[in-house]
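All remarks here apply to the structure that follows.
The values are calculated or read from the model by the stated rules, or taken from the named source; none is laboratory data. Please read these numbers as outputs of a predicted model, since none were measured by experiment. Cβ coordinates were reconstructed from backbone atoms using ideal geometry, including for glycine residues, and neighbour counts include every protein chain displayed. Remember, those area values only see protein heavy atoms, side chains included, never the ligands or the DNA or RNA. Shrake-Rupley method; radii C 1.70, N 1.55, O 1.52, S 1.80 Å.
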Amino acid sequence: MENLRFQTEVRELLHMMIHSVYSNKEIFLRELIANAADAIDKARFLSLTNPEVAQDWEIRITPDSEAGTLSISDNGIGMSREEVIENLGTIAHSGTKAFLENLAKSKKEGEAQANPELIGQFGVGFYASFMVADKVVVDTLKAGEKEAVRWESSGEEEFTLGPSDRKTQGTTVTLHLKADEKQYLEQWRISSIVKKYSDFIEHPVKMLETRKDKDGKETTEDRTLNSQKAIWLRPESEVKPEEYEAFYQHLSGNMGKPLVRINFSAEGTSEFKALLFLPERKPWGFEMPGAKAHNLHLYIRRVFITDDCKGLIPEYLRFVSGVVDSSDLPLNISRETLQDNPQIAKINKALTKRVLGELSKMLENEREKYTNFYQEFGRQIKEGAHGDYSNREKLQNLLMYETMNGKPGELHTLKEYVTAMPSEQKEIYYITGETRAFLENSPHIESFRKAGYDVLFMSDPIDEWVLESIPEFDGKKLVSVSKAKLDNESKVAKELEENAKKASEEKGGKDLIGKLKELLKDKVKDVKFSGVLTESASRLSGDDYDPSPYMQRIMKALDKNAQTFKRILELNPAHPLIEALTKLVEKSPDNPKLGEFAEMLYDQALLAEGSPIADPALFAKRAAALMTLGVEKEI
Ligand code: ADP
């Protein structure tokens, strides 16, 4: 016998379980049956190549009123001593981890008591036993091994490990029920919980039931409590919505209803049945690096193969949960080579087409539902638009953005943008930046606003990256307003161009440009009069292939030493400041103040587009000095 301490997080979790006020404690049985079924799936998979492991698979529930215990037993894969320590002493399960993270978060936010309903939402696996038991004993023998192991704990600091006299492969979890949880010894209670949560479990969940016959004599009957019907093989009309819901919850670990259910039966080059669900919301931790979904289960002719088949569905659709049951793949396939199997590629293609088809339909017919979906999973759609070349067009049609002329929060598709374009507008304009407020005040969009054009607002860092693969849409180029000029056809453009041309031909203008080029030669690659600005005095623009200012900010955030691209300083000839500067250069070309003014002109152009400036303190000092003049004038 040996005493081992639980990992700190487990101690914390167990403490919660023991003192839980969660109203739905019955889910402990769902969790234990799911573990038993997984263990059988693993053993059955092994038996495909190693017939010695084969069994009449079953999960058995045994209530013992005298001892006050409830045991859940399986003849699955079992656990070795090391596995017991690893699995029942630390936290392996992602749902449990997510639960704890959520707990830590709510503590930080000062909520005195974590919401106990979260337990059901995340599913806390094996440890849920301690909501109803004050002692749990696990006897387990790993398939193929000789020594069985006994794990025992009252859920406090430690657990005990020792030998077990179990002789057959598999695991028995025995719960010593708390005094006030003895309801779980009652047959009707047990069978109704199994029916409710575990009906579709493929393996029989059995219980020896005692009944009184008509003469009052006790008889026993071994009964299978679940229907075991593979829900994805049953005709849709025969399955109740609650059954689909329970199955979805079982697979995805989410609560509530799925957003969309897809029943899919493919014939022809690839034969399979699929039952897929799209969730309403992002599961907890979905965006975390390396997060794995494990929600799409691959079966081959009703035999569970894996919940981690790479290539079964594209990465970007990892929010899809469900079951794919193939009739073409060989049962003895190795999990390692699965992803290279051409059948998997065919299934992938068919599933992708179907899911994208459903989304297009939703966008067309149920706008609000789609918008809600997009708010949750828009990033994944963008990821697809960038990477999935074969479905590029479909994915581009599913993209949505806010726009300059639209209301904040309102999303528009590219198609809608194009349809609303005035006839003389030839290109699609966009601007990238941190937030809408940022973008709305950017000098880059002034002339577009004045011309009555719309501009797509892109405020997700991944937009920049996605744009690389959308050079054009519907035959129209996508251009950043930080580089673009207005279409020459527009009246506003002609006027502005004219002003810029005039200014640069005049002597005063030429002198100003020459002076600024000289003073800012380390900072900008060119200075010129702008045919774009209507309100601001200046802006910084780039050449076609320069990264946008937002992209440069992202690059700098990732790498302090990232290359700095010199920009072009554009001046608004009609702005009073530029007019005044022209005069100053004309009058005293060597005025010592000119250097400072040139730098400020450059800095405020950076600030206006949301880029950082090299020396904010110096800028503030200079601004204060200028303000003093302004204030004095008011006195
Ligand atoms: P989860 O099952 O979600 O991973 P649990 O905390 O319920 O999380 O279980 C942790 C691990 O313990 C499982 O992943 C599995 O490896 C192992 N385990 C639990 N129950 C059994 C069982 N009946 N047979 C074999 N292994 C089991």
Next item on the list: Using a cut-off of 11 Å between beta-carbons, work out the net charge of the residues near Phe6 (Lys and Arg +1, Asp and Glu -1, Phe6 not included).
Entry: -3
Next item on the list: Classify segment 226-335 as rounded, prolate or oblate, taking a ≥ b ≥ c as the square roots of the eigenvalues of its Cα gyration tensor: rounded when a/c is under 1.5, otherwise prolate if a/b is larger than b/c and oblate if not.
Entry: oblate
Check: In degrees from 0 to 90, rounded to the nearest 10, what is the angle of the helix 507-519 Cα long axis to the longest principal axis of the chain?
Finding: 50
Next item on the list: Take the Cβ-Cβ distance between Lys369 and Lys195 as r, set R0 to 41 Å, and report the resulting FRET efficiency rounded to the nearest 0.05.
Entry: 0.85
Checklist line | Stretchable slack from Asp590 to Ser360, in nm (0.36 nm times residue separation minus alpha-carbon distance) | finding: 76.4 nm
Notebook entry, point to check: Under a 1.4 Å probe, what is the accessible area of segment 291-396 per residue, stated in Å²?
Noted result: 46
Notebook entry, point to check: With respect to the cross-link table entries Lys25/Lys369; Lys142/Lys206; Lys501/Lys523; Lys105/Lys353; Lys382/Lys426, which display a Cα-Cα separation exceeding 27 Å?
Noted result: Lys25/Lys369; Lys105/Lys353
Notebook entry, point to check: Which of the trypsin sites (Lys or Arg not before Pro) found in segment 279-370 are in a DSSP loop and have at most 13 neighbouring Cβ atoms, other than their own, within 10 Å?
Noted result: Lys292, Arg301, Arg302, Lys310, Arg335
Note to self: If each DSSP helix of 4+ residues adds -39,500 (n - 2.57) and the sum is divided by the residues in the chain, what number results at 222 nm, nearest 500 deg cm²/dmol?
What the structure shows: -12000 deg cm²/dmol
Note to self: As a test of reading the structure, rank Trp188, Trp57, Trp284, Trp151 by solvent-accessible area (1.4 Å probe, protein chains only), most first.
What the structure shows: Trp188, Trp284, Trp57, Trp151
Note to self: Expected output is a single nm value to one decimal: the length gained when fully extending between Glu287 and Thr49, i.e. 0.36 nm times separation in residues minus the C-alpha distance. What is it?
What the structure shows: 82.0 nm
Check: At a probe radius of 1.4 Å, what is the per-residue accessible area of Met255, in Å² to the nearest 10?
Finding: 100
Next item on the list: Could you tell me how many degrees, from 0 to 90 and to the nearest 10, lie between the Cα long axis of helix 8-18 and the main elongation axis, the longest principal axis, of the Cα atoms of the chain?
Entry: 60
Check: Rg (Å, one decimal) plus Dmax (Å, integer) for the alpha carbons of segment 315-413?
Finding: 16.5, 59
Next item on the list: For the chain, would you read off the P(r) tail past 46 Å as a percentage of all alpha carbon pairs?
Entry: 39
Note to self: List the pairs from Lys407/Lys566; Lys528/Lys593; Lys517/Lys583 whose alpha-carbon separation is above 26 Å, in the order I gave them.
What the structure shows: Lys407/Lys566
Next item on the list: Take the Cα of Glu2, step 7 Å along the line toward its Cβ, and report every residue of segment 59-89 whose backbone nitrogen sits under 18 Å from that point.
Entry: 79-89
Next item on the list: Could you pull out which residues in segment 165-209 have an amide N less than 16 Å from a spot 7 Å beyond the Cα of Ala67, following the Cα-Cβ vector?
Entry: 165-168, 171-178, 185-186, 208
Margin query: If I model a spin label as a point 7 Å beyond the Cα along the Cα-Cβ vector, how far apart are those points for Glu238 and Glu271 in nm?
Written below: 1.9
Notebook entry, point to check: Reachable aspartates and glutamates from Lys182, Cα under 13 Å, same-chain residues fewer than 8 places away excluded?
Noted result: Glu26, Asp64, Glu66, Asp134
Note to self: Keeping all protein chains in the complex and leaving out DNA, RNA and ligands, what accessible area do you get for Ser541 with a 1.4 Å probe, in Å² to the nearest 10?
What the structure shows: 0
